[in-house]
Amino acid sequence: MSNLYDVIIAGAGPVGLFLACELAMADVSVLMLEREPEPNSPSKIGPPGMRALNTASMEAFYRRGLLDKVTPPSKRPPNFQKKPGFQFAGHFAGIWLNANRLDLTRFKYRIPGPALDLSLNPASIAGIEAVLAPRAESLGVTILRGKNVTGVSQDEDAVTVKAGDQEFYAKWLVGCDGGRSTVRKAAGFEFVGTEPTFTGFAVQADLDQPEKLKIGFNPTEDGMYVMMRAGNFHLLDFDGGFFDRTQNVTEEHIQDVVGRVTGTDVKIAKLHHASSFTDRCKQAARYRNGRVLLAGDAAHIHSPLGGQGLNLGLGDAVNLGWKLAATVRASRSRYGPVDLSLLDTYEQERRPFAAWVLEWTRAQVTVLKPGPHGAALRQLVSDLIDTDDGHNLFLGRVWGLSQRHDLGDPHPLVGASAPDFEFSDGSRLGPKLEGARGLIVDFGDDVRLKKLAGGDQLGLSALLVRPDGIVAWVTEESLDIEGAKAALARWF
Ligand SMILES: Cc1cc2nc3c(=O)[nH]c(=O)nc-3n(C[C@H](O)[C@H](O)[C@H](O)COP(=O)(O)OP(=O)(O)OC[C@H]3O[C@@H](n4cnc5c(N)ncnc54)[C@H](O)[C@@H]3O)c2cc1C
């Protein structure tokens, strides 16, 4: 078998590229097969490609030294309304969240730092790919474009991937080929969930009377329109999800939906771009089938309401990268069956997160349903969000501040993202993870580090941080080397 790679990744989108970099940093050979011949498809550039990054994604980029490249601070303005005391920090079903209402004392282990910024953090898909693709190549990843993966087969030792009339071979295949994943279908993954209730459209167009459409999120009698700025808007058409998404989106159809959903006589003067999406909500029943794994939209799809999909997918990549790399490296040096226990924690940790996002977006669809029932629920949720408790609950979830994996240890920090500690020399924890290696933080006698920014006693003496920035183990005693060794043996 010629050219047997350690890992083939199908799809060089943001999730596939992030994963490729993680693997290559850990000395794993990677081939990427990408369907599109050129990186910049129209839906990835400009306004249609803009995505909001939450704290978990900001941390992932920060911990690899990439944060300011994917979302330059100068380009992080609050997008919608600027008024005293208000800073847009996302939404739930169009009900706005205010970053200024964040009460950090409710998130005990969150320390303000470069990755904890609740203003809208826009990054375009094309921009992220433009940072990650050259980085992957500089780390030794081969990216072949114009290779549409059409078939997958596997045996005990390897996977064969078909792209057109060519075949490629690897020990592992990861499908990062988006919501309509060929890998998922070809490798026989079950995909379970709910069918759509609406069709959404992301539109760039010149309008004859743009002033008639209000900036922001606007629920209407027939759906919702979201006006980013004149000419860039999203439409949610509660059509039962019947629009046939294999056909091109025509100007005529968009005009019809604009009239119905906005309830105005605004006319499209020129359509520049339109793509469709739905609230179909599904998740792969498993994330690994033999030597084939799934990550990103290939593993889970849902409506883009609340901007969670990319954040979820990047979380998959950072979680899977070091585990798959460790599995590949271990199998090089051992004979006999591969130990898959570490790799299988990927599915155990990530499936519940995706299940939560699916529920979160389903709840928003229900709140947005046209008619008196949806309106009543919207009012109730709006009242809840208006309380300090409610606001912080929603901020914590949208921004990933309350995310925690269940690693079987009741300590609230185990399974959560490591606080971005500032050390006596002014350095911070985040950049110390740039090499994607785990580390032990021993606070020694540094009393300052044993306190959080708010002055709360942290009560910790040492902790073990995984390469993905998740705390795997803590001790409140002085550093116990045996305990640290036992924790290390579990993970590495
Ligand atoms: C309107 C809209 C707004 C959104 N806003 C947000 C937001 O604000 N925040 C957020 O977190 N998420 C948002 N999302 C979701 C986000 O865009 C996706 O979750 C994210 O792009 C998924 O990344 P991915 O790499 O898994 O898949 P994709 O971005 O779909 O990339 C998949 C790649 O695989 C390639 N590919 C597909 N099939 C094959 C094949 N057979 N062979 C080889 N290559 C293949 C594709 O060409 C593509 O490059 C939004 C989505 C939409 C539609």
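Below, the figures for the structure above:
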| item | result |
| --- | --- |
| Boolean, N248 is modelled with pLDDT under 90 and buried (at least 18 other Cβ atoms within 10 Å of the Cβ) | no |
| Residues satisfying the stated conditions in region 169-204, i.e. in a strand (DSSP E or B) and within 30 Å of T327 (Cα to Cα) | Y169, A170, K171, W172, L173, V174, G175, F191, V192 |
| Any hit, region 205-223, residues being open to solvent by less than 20 Å² (accessible area, probe 1.4 Å), in a strand (DSSP E or B), within 11 Å of the ligand (Cβ to nearest atom) and at pLDDT 90 or above | no |
| Single match in R437, R466, R428 (criterion: modelled with pLDDT of 90 or more, exposed (fewer than 15 other Cβ atoms within 10 Å of the Cβ) and farther than 30 Å from G94 by Cα) | R437 |
| Boolean, E156 is free of Cβ contacts under 8 Å to residues at least 24 places away in the same chain and assigned to a loop (DSSP other than H, G, I, E, B) | yes |
| Selected residue [more than 30 Å from E190 (Cα to Cα) and among the hydrophobic types (A, V, I, L, M, F, W, C)] from A136, A163 | A136 |
| Scan of region 280-314 for residues that are in contact with a His (Cβ under 7 Å, 6 or more places away or on another chain) and of a type in the set (D, E), ordered by number | none |
| Any helices (runs of 4 or more DSSP H) falling wholly within region 1-75 and containing at least 1 residues that are closer than 15 Å to A126 by Cβ and open to solvent by 10 Å² or more (accessible area, probe 1.4 Å) | 14-25, 67-70 |
| Checklist (1) outside any helix (DSSP H, G or I); (2) modelled with pLDDT of 95 or more applied to P352, failing item | (1) |
| Check on A298, in contact (Cβ under 8 Å) with a residue 24 or more places away in the chain, touching an Asp or Glu at 6+ places or on another chain (Cβ under 6 Å) and within 16 Å of the ligand (Cβ to nearest atom) | yes |
| Residue check, D155 in the same structural domain as R291 (by TED's automatic domain parsing), open to solvent by 30 Å² or more (accessible area, probe 1.4 Å) and within 11 Å of the ligand (Cβ to nearest atom) | no |
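Yes or no, residue by residue, for (1) more than 22 Å from L324 (Cβ to Cβ); (2) assigned to a loop (DSSP other than H, G, I, E, B):
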residue	(1), (2)
L377	yes, no
L380	yes, no
L384	yes, no
F394	yes, no
G400	yes, yes
D406	no, yes
L413	yes, yes
G426	yes, yes
G435	no, yes
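So that you can scan it fast, the table gives a plain yes or no per residue for (1) more than 9 Å from the ligand (Cβ to nearest atom); (2) within 30 Å of H273 (Cβ to Cβ):
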position: V7; (1), (2): yes, no
position: V15; (1), (2): no, yes
position: A20; (1), (2): yes, yes
position: N40; (1), (2): yes, yes
position: G49; (1), (2): no, yes
position: N54; (1), (2): no, yes
position: E59; (1), (2): yes, no
position: K69; (1), (2): yes, yes
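The values are calculated or read from the model by the stated rules, or taken from the named source; none is laboratory data. Please read these numbers as outputs of a predicted model, since none were measured by experiment. Backbone-built Cβ (ideal geometry, glycine too); neighbour counts: all protein chains shown. Ligands, DNA and RNA are stripped out before the accessible areas are found, and what is left, the full protein with its side chains, is counted by its heavy atoms. Shrake-Rupley method; radii C 1.70, N 1.55, O 1.52, S 1.80 Å.
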